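Here is the structure we will look at, set down as structure tokens.
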């Protein structure tokens, strides 16, 4: 079940001096990583870690008041492969084995956040050979730090790497690198209930290759940003969506099912038009064949609650991202006894619904206030009881309040 999840817990010792804490953080962050074991559904560290306490509330409030994603934590992780990767085109297991061998030779570690030195001929710059993940670290009520389901992000990154002919990082290598980044930036994890530390891992083709071929070498870069709510206002405020029927986010056979960096730039124009011309928060995209079935919002998956209580969400057909939050919400809903159906969901089923909400690492769970399609606005005016219930349950697990 969902509660047997992989949340990494770090201990914070707030009684230390800043200098003592920094020394321990640096030592732990540069170490080989803790030996982990599963206890009561929580992955706990058998190696005692001493991390920096969060900054005073007045300081973190000033950071979180800035636009989302505009403040960056002081440390990052950067690893570079040193051997050429020849991407297998057959069995997925071959790609995992070859990728593990390549990443075993990688050099790097924790360093100060700053610009990357990349060749102008890098595959990521010329051909978009790169992907990213989105994760969060949470401050628990007792001051510890929890990272939500990092193994799932690692597995999804592996799938994306295979699709883009990049070496898939082993799950342990990926998760340990994330842990080091969080440990080094522990002072920028906001206090419980005030915000989170958003974590951005990227796998990039940084080796020089002018022709249209896979890059010879690759980088894993992980940086972080203390953040509050992704959309305007408080987390529970509903958002208004424009149903986009001219532009499409993905098509069958493309790369819409992985977090390829090239998937996102084409959504900027319709998103900006929706905000500037229609006053909406974001776009909801339809399928590219019939222009009738909803797929996902620019950065989120979508759920629709029917009047009979059934919850529907678009099925994963290769054009929709397999969200970690989406997967978690499905598990939570089924634990609640709800019927969850993954299928094609029409725009009519959406507007006939009792309530609707979006999910994602950045947004968490956010209710939809209205959708506008072909100039006609449909508002969801109910009490959003289910949306609030799953929000509370998810938040409790993410912050360690619920095991």
Problem set entry | Contact order relative to length of the range 239-398, as percent, for alpha carbon pairs under 8 angstrom and 6 or more apart | 24
Exercise. So, by mean Cβ neighbours within 10 angstrom, what's the order for 207-213, 368-374 with the highest one leading?
Worked result: 368-374, 207-213
Exercise. Going by the alpha-carbon gyration tensor, a ≥ b ≥ c the square roots of its eigenvalues, is the range 197-263 rounded (a/c under 1.5) or, if a/c is not under 1.5, prolate (a/b greater than b/c) versus oblate?
Worked result: oblate
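For the ranges 69-80, 101-112, 141-152, what's the packing order if you count other beta-carbon atoms within 10 Å of each residue, average per peptide, and put the highest first? Intermediate results must be reported in sequence, preceding the final value.
Numbers: 69-80: 18.1, 101-112: 14.7, 141-152: 20.4.
The peptides rank, most packed first, as 141-152, 69-80, 101-112.
Taken together, the values in this text are just the output of simple stated rules run on the coordinates, not laboratory data. All figures in this text were calculated on a predicted structure; none of them were measured in a lab. Glycine gets a Cβ as well: all are built from the backbone with ideal geometry, and neighbour counts include every protein chain shown.
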